[in-house]
Amino acid sequence: MASDGPAHTTRVPPQPAPPPQPRWRRPDLDLVRRRVDGVLDAFVDRKTSAARLAGLPDDVPVALTDFLRAGGKRIRPLLCVLGWQAAGGTGERGLAQAVRVGAALEMFHAFCLVHDDVMDDSDTRRGQPTVHRALAARYRAGRTRDLAEAVGTSAAILTGDLALLWSDELLQDPADGLDPDRYARIGPLVALMREEVMYGQCLDLIATGLPTADTEPALTVIRYKTAKYTCERPLQIGAALAGADEALQRQLSAFALPLGEAFQLRDDVLGAFGHPEQTGKPALDDLREGKHTVLVSLAYQAATPARAPLLHALYGNPRLSEEDARTLRALLRDTGADRAVERMIAERHERAVAVLDGLAIPAEVREQLRALADKVAWRTS
């Protein structure tokens, strides 16, 4: 039988090693902010184009677009992304998901602010006319002033409603692959955050015009309307996205709650003493509304019998003049309430930072959280 001969083998030339992949680097806060804005811009542009294509009025999406592009601190999206990183989140795909969730939180925040400005009948926000004022001006042609304002207010309510719906759409949009498992992790926290801020707003409304020397109601409003909504839940939502366990979530809460309280206490000080060119809000709104704030409660506690009647007469007066406002601010300072609130802010900031120092999280994330905490507590706008 003939031999088949020696077997021949094909030599495979050695393959070059794949190029090393660059190490994933955590983005700085400015980059996160720009990416969140990019998601929001693309989303509202698409919604505006869709409305025009369908022959629907574009007034509402345009008003919401203008509002979102007018500025804002983007604290909630930043904390969401930092919470994701604190829980071990890495990689571009995961970052894109965290940014999209952060954008959804910012869209929900727009809903809250648009409705809040309607409830407070505010004229400006972020240095521009509030949404209901801008829409009233848009609808002024051919209408009386009162009718234009009524239409503008109604349209602003609808604008806020759409922002609420669109915050859900951003969460559920498959563009960045927020799969059912990840959505299930954050869904209960998102729902809880929304419920808490609604109750906080309700408590704030109920107490408006009825300030007292009791600080506890004001602190309760701060906890639900601001501390949980602004700091605790966004941080926890981001951490949940990365699969954080209950122990880490409790630690993040211990950091975020005092920080959120410091944020609102600072807001109360700025509302009474801030400059409109820095805060973007009228100088008299908070003084005229008569909100039950910690600042005013402390002033009521410390006011002398001779000064108390004037304090009661001026604070919450809807016709408060600039001269009266100067008198009222002097009264608040004379009681030492402003200094007492500054001490409360410092104490809460110190407590938050102490918790932060004990967290087992990446050092870079800790420093970013510390920088954000400093900015929140000592901001001027």
* Structure fact -> For segment 337-360 the number of residues that are over 23 Å from the mean Cα position of the chain (by Cα) and surrounded by 14 or more Cβ atoms within 10 Å (Cβ to Cβ) is 4
* Please name all residue pairs, on different chains or six or more residues apart, with Cβ atoms under 8 Å, provided the first residue is in segment 69-87 and is modelled with pLDDT under 95 and the second residue is crowded, with 24+ Cβ neighbours inside 10 Å and of a type in the set (S, T, N, Q). => none
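Among the listed residues ASP116, ASP121, which satisfies the condition of being surrounded by fewer than 20 Cβ atoms within 10 Å (Cβ to Cβ), free of Cβ contacts under 8 Å to residues at least 12 places away in the same chain and within 20 Å of LYS225 (Cβ to Cβ)?
ASP121
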* Asked: Looking at segment 201-208, is at least one residue out of contact with any Leu (no Cβ under 9 Å at 6 or more places or on another chain), among the β-branched types (Val, Ile, Thr) and under 22 Å from LEU298 (Cβ atoms)?
  -> yes
* **Residue in segment 215-228 that is in contact (Cβ under 8 Å) with a residue 24 or more places away in the chain and either more than 30 Å from ALA313 (Cα to Cα) or touching a strand residue (DSSP E or B) at 6+ places or on another chain (Cβ under 6 Å) (or both) present** => yes
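Considering only residues of segment 244-276 that are among the small types (Gly, Ala, Ser) and at pLDDT 95 or above, which is nearest to the chain's Cα centre (by Cα)?
GLY260
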* Asked: If you go through segment 235-257, how many residues are surrounded by fewer than 24 Cβ atoms within 10 Å (Cβ to Cβ) and farther than 22 Å from ALA96 by Cα?
  -> 8
* Structure fact -> Inside segment 258-286, the number of residues satisfying the requirement of being buried (at least 22 other Cβ atoms within 10 Å of the Cβ), closer than 19 Å to ARG319 by Cα and free of Cβ contacts under 8 Å to residues at least 60 places away in the same chain is 1
* **Wholly enclosed helices (runs of 4 or more DSSP H) of segment 56-150 bearing at least 2 residues closer than 30 Å to ALA244 by Cβ, out of contact with any Lys or Arg (no Cβ under 7 Å at 6 or more places or on another chain) and outside the structural domain of MET198 (by TED's automatic domain parsing)** => 75-86, 92-120
* Asked: What are the pairs, 6+ residues apart or on separate chains, where a residue within segment 135-161 that is within 15 Å of ARG125 (Cβ to Cβ) has its Cβ under 9 Å from a residue that is surrounded by fewer than 14 Cβ atoms within 10 Å (Cβ to Cβ) and among the aliphatic types (A, V, I, L, M)?
  -> GLY152/ALA137
* In segment 174-184, is there at least one residue being of a type in the set (Phe, Trp, Tyr), within 30 Å of ALA242 (Cα to Cα) and at pLDDT 95 or above? -> no
* So is GLU106 exposed (fewer than 14 other Cβ atoms within 10 Å of the Cβ) and either within 20 Å of ASP161 (Cβ to Cβ) or touching a residue at least 40 places away in the same chain (Cβ under 8 Å) (or both) or not? -> no
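For every residue, the table says whether it meets (1) among the small types (Gly, Ala, Ser); (2) touching a Phe, Trp or Tyr at 6+ places or on another chain (Cβ under 7 Å); (3) under 30 Å from ARG25 (Cβ atoms).
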{"position": "ALA63", "(1), (2), (3)": "yes, no, no"}
{"position": "PHE67", "(1), (2), (3)": "no, no, no"}
{"position": "LEU78", "(1), (2), (3)": "no, no, yes"}
{"position": "ARG93", "(1), (2), (3)": "no, no, yes"}
{"position": "ARG145", "(1), (2), (3)": "no, no, no"}
* **Matching residues, segment 208-234, being among the aliphatic types (A, V, I, L, M) and surrounded by fewer than 19 Cβ atoms within 10 Å (Cβ to Cβ)** => LEU210, ALA213, LEU219
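The values are calculated or read from the model by the stated rules, or taken from the named source; none is laboratory data. Being a predicted model, the structure only gives us computed values, none of them experimental. So basically every Cβ, Gly included, is an ideal-geometry build from the backbone, and we count neighbours across all protein chains shown.
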